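In what follows, a structure is listed as structure tokens, so that the remarks can point back to it.
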């Protein structure tokens, strides 16, 4: 369903669960950044009423996810650490085309967000299936379902506001680029991406 061309190395879960404080911290900031990214899109394109209506509940949901991760940290006696640079997202942003029409720039942003949600969904799925602690498997299953929904919304909005052929071609270019990026990046257990 997600179309990702390179699955996450299965060893990632074992590495991630060695330091839950680190992975939960990174997860919390991913949720916070997803919230602010949706708010920014609404601010930049308020005339896109269908998009505003679609993103408003995602803002609420992502912020709720941030709070859930904070609660999980607190429950475990862990602390929210410092935010780190997200090399994965930064690389996708560099690949994003910044020229063209305003609508084309919107489509580019929507495709980047769709890809981030797709990879997050895939990682949450791995955690929901393979992390040792059953409670965390259930915790991450809920996030997986949510991220899959967000991925579908961003793809739908890209197709709504962009030329269908451009969206189709460009999505494949993003998937190819992302596969190469995943292949090159160091396998780290302290990052969601």
Seminar exercise, completed: Helix 164-184 sits off the longest principal axis of the Cα atoms of the chain, rounded to the nearest 10 on a 0 to 90 degree scale, by 30 degrees
Problem set entry | Separation in nanometres of the label points that stand 7 Å from Cα toward Cβ, at residue 71 and residue 97 | 4.3 nm
Problem set entry | Peptides 162-169, 151-158 ordered by average Cβ neighbours within 10 Å, highest first | 151-158, 162-169
Seminar exercise, completed: Each label sits 7 Å from Cα toward the beta-carbon; between residue 60 and residue 9 the label points are separated, in nm, by 4.1 nm
Exercise. Taking only C-alpha pairs under 8 Å that are 6+ residues apart, what is the relative contact order of the chain in percent?
Worked result: 35 percent
For this session: Taking all pairs of distinct Cα atoms, average 1/r, flip it, and tell me the Kirkwood hydrodynamic radius of the chain in Å to one decimal place.
Result: 17.1 Å
Seminar exercise, completed: Highest mean packing first, using Cβ neighbours within 10 angstrom, the peptides 25-37, 9-21, 72-84 sort as 25-37, 9-21, 72-84
For this session: Please give the length that would be gained between residue 142 and residue 163 if that part of the chain were fully extended, namely 0.36 nm times their separation in residues minus their C-alpha to C-alpha distance (nm, one decimal).
Result: 4.3 nm
Exercise. What FRET efficiency, computed as 1/(1 + (r/R0)^6) with R0 = 25 Å and r the Cβ-Cβ distance, is obtained for residue 172 and residue 33, rounded to the nearest 0.05?
Worked result: 0.50
For this session: Rounded to the nearest 10 degrees, what's the angle between the helix 134-161 long axis and the longest principal axis of the chain, both from Cα atoms, 0 to 90?
Result: 10 degrees
Exercise. Cα centroids of region 115-180 and region 1-62: how far apart, whole angstrom?
Worked result: 9 Å
For this session: Could you list the residues of region 52-96 with an amide nitrogen less than 12 Å from a label point located 7 Å from the Cα of residue 19 in the Cα-to-C-beta direction?
Result: 81-82
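Values quoted throughout were computed directly from the atomic coordinates according to the rules given, and no laboratory measurement underlies them. Quick caveat, the model's predicted, so the values are computed rather than measured. When we count neighbours, we look across all protein chains shown, and the Cβ atoms used for this are built from the backbone with ideal geometry, even at glycine.
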